[in-house]
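The structure appears right after this line, and notes come after that.
The values are calculated or read from the model by the stated rules, or taken from the named source; none is laboratory data. Since this is a predicted model, take the numbers as computed values, not measurements. Methodologically, a virtual Cβ is constructed for each residue, glycine included, from the backbone with ideal geometry; neighbour enumeration extends over all protein chains shown.
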Amino acid sequence: MRSPLSLIPHPDSFTSRLRGPEIASRVGLWLGISFLLAFVTGLISHAAQDMPGWLTFPTRPVSFYRITQGVHVISGTAAVPLLLVKLWSVFPKLFDRFTFGDVRRLALQLAERLSIALLVSAAIFQLVTGLANSAQWYPWSFSFRSTHYAVAWIAIGALIVHIAVKLPGIRRALSGPLDDDLARTSEQGPSRRGFLRTTWVATGVAVLTTAGATVPWLRQVSIFGVRSGDGPAGIPINVSAVAARVIPAATNPAYALEVRNGGKQVTLTRADLEAMEQTTAELPIACVEGWSASGEWRGVRVRDLLALVDAAEDADVEVTSLQMQGAFRQTTLPANFAQDPLTLLALELNGEGLSLDHGHPCRLIAPNRPGVLQTKWVKRMEVLA
Ligand SMILES: Nc1nc2c(c(=O)[nH]1)N[C@H]1C(S)=C(S)[C@@H](COP(=O)(O)O)O[C@H]1N2
Ligand SMILES: [Mo]
């Protein structure tokens, strides 16, 4: 009887010349760049949402966050085909035999396997959760943002260790020839050059067919883009008025905005807001779920409203929605955002009165701010001490 161990393939039983360091290093280089871009833009997004005390997130350029968020989603999407090819190219190494006789070598081999297992599982976890998030599909119960953020550190740490360990081999493979013409005969199938070209094309197709969610001129080819770009006034909707259960409150004729600073308070009806000086600003909504769109907003400057209650210029402001439940019903507007001349309580979008789904009677729209913090159906603004 054959031992069950003999069912495990030997690295030598994988004969494709497409597998190996030539492909692994070149695809790995671009995979590493994709992960690095996703990591850095992810940190920016995290900072924009969860500002650490020592940092003031800037309000300019107005579309900086939109661009970093777009790069995040695009680099994550590009990483999917790259990671699949990379894993395929090194797959036989999974079956390298351990050297049980030599304890030191065995320990090294185990350490390497463990670090690779950590890297591969963290990388797959990031891509799967990121893709699911941009599809608004949350088949898990943990918090997406804090988990995706924590695993990002594991992935980048394991990646750095991996590159450091493999550096000599990577340099050798990158500076060596891609196809060794001597060994090439007609029956050997596709060349490595051709295989690489196919990989780049597949990556390009993956990006082009999804990036329309953030890049307007790609919308027509983005057949796999989760968002069509449609919605009232040409801007998609994140959470509808029905889903947020705000319709009775948002259509109540007795609606009035409250602006509060300690004991001082003013209330303003929608007509009062319309009677104030109106400002127009071209500003994007950049959703952390991977879509963005720019619109022409018109409404009252938040700083004008705050001046009515003598708010200090360095005070943060808490913005609260009519919405009774949900994580996005309340946000803090840092002082530099509150005082920015482009930060509006919008009443109109793209020349139309704000639709219920976009936040009627009024919604916050500030430059360079993640979509998730652009509170809709605003009920109250309270100056924080
Ligand atoms: N009150 C409230 N405001 C909200 C949300 C919400 O769920 N409730 N969603 C936010 C998110 S995640 C985004 S991306 C934007 C989307 O705005 P839009 O639906 O007008 O495009 O609204 C933000 N404001
Ligand atoms: Mo969002």
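Looking across region 108-155, the residues that are of a type in the set (S, T, Y) and in contact with a Phe, Trp or Tyr (Cβ under 7 Å, 6 or more places away or on another chain) come down to T129, Y138. Screening region 273-385 for strands (runs of 3 or more DSSP E) wholly inside it with 1 or more residues that are within 23 Å of A254 (Cβ to Cβ) returns the ranges 292-301, 317-321, 330-333, 344-349, 363-365, 378-383.
Residue by residue, here is whether (1) outside the structural domain of L347 (by TED's automatic domain parsing); (2) within 19 Å of R66 (Cα to Cα) holds:
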{"residue": "G204", "(1), (2)": "yes, no"}
{"residue": "T214", "(1), (2)": "yes, yes"}
{"residue": "S240", "(1), (2)": "no, no"}
{"residue": "V246", "(1), (2)": "no, no"}
{"residue": "G262", "(1), (2)": "no, no"}
{"residue": "T269", "(1), (2)": "no, no"}
{"residue": "L273", "(1), (2)": "no, no"}
{"residue": "M276", "(1), (2)": "no, no"}
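Only one residue in L354, L306, L322 is touching a His at 6+ places or on another chain (Cβ under 9 Å), away from ligand 2 (no atom under 15 Å from the Cβ) and not assigned by TED's automatic domain parsing to the domain that holds T68, so which one is that? Of the residues listed, the single one that is touching a His at 6+ places or on another chain (Cβ under 9 Å), away from ligand 2 (no atom under 15 Å from the Cβ) and not assigned by TED's automatic domain parsing to the domain that holds T68 is L354. Checking each residue in region 329-353 for being among the small types (G, A, S) and away from ligand 1 (no atom under 15 Å from the Cβ) picks out A335, A338, G351.
Do you know which residues across region 296-328 are within 14 Å of ligand 1 (Cβ to nearest atom) and crowded, with 21+ Cβ neighbours inside 10 Å? Passing the criteria: W297, G299, V319, S321, L322, Q323. Among the residues of region 354-372, those that are within 11 Å of ligand 1 (Cβ to nearest atom) and in contact with a Phe, Trp or Tyr (Cβ under 8 Å, 6 or more places away or on another chain) comprise G359, H360, R363, I365, R369, P370, V372. Taking region 1-48 as the range and being farther than 27 Å from G194 by Cβ and among the hydroxyl-bearing types (S, T, Y) as the test, the residues that pass are S3, S6, T41, S45.
If you check E352 against the conditions, is it at pLDDT 95 or above, surrounded by fewer than 24 Cβ atoms within 10 Å (Cβ to Cβ) and within 20 Å of L384 (Cα to Cα)? Don't jump to the end; show me each part of the working.
Values: at pLDDT 95 or above: yes; surrounded by fewer than 24 Cβ atoms within 10 Å (Cβ to Cβ): yes; within 20 Å of L384 (Cα to Cα): no.
No.
Take region 109-142 and flag every residue that is polar (S, T, N, Q) and either under 15 Å from the mean Cα position of the chain (by Cα) or in a helix (DSSP H, G or I) (or both). Of everything in region 109-142, those that are polar (S, T, N, Q) and either under 15 Å from the mean Cα position of the chain (by Cα) or in a helix (DSSP H, G or I) (or both) turn out to be Q109, S115, S121, Q126, T129, N133, S134, Q136. The selection criterion, being of a type in the set (V, I, T), in contact (Cβ under 8 Å) with a residue 24 or more places away in the chain, surrounded by fewer than 17 Cβ atoms within 10 Å (Cβ to Cβ) and more than 16 Å from ligand 2 (Cβ to nearest atom), holds for V266.
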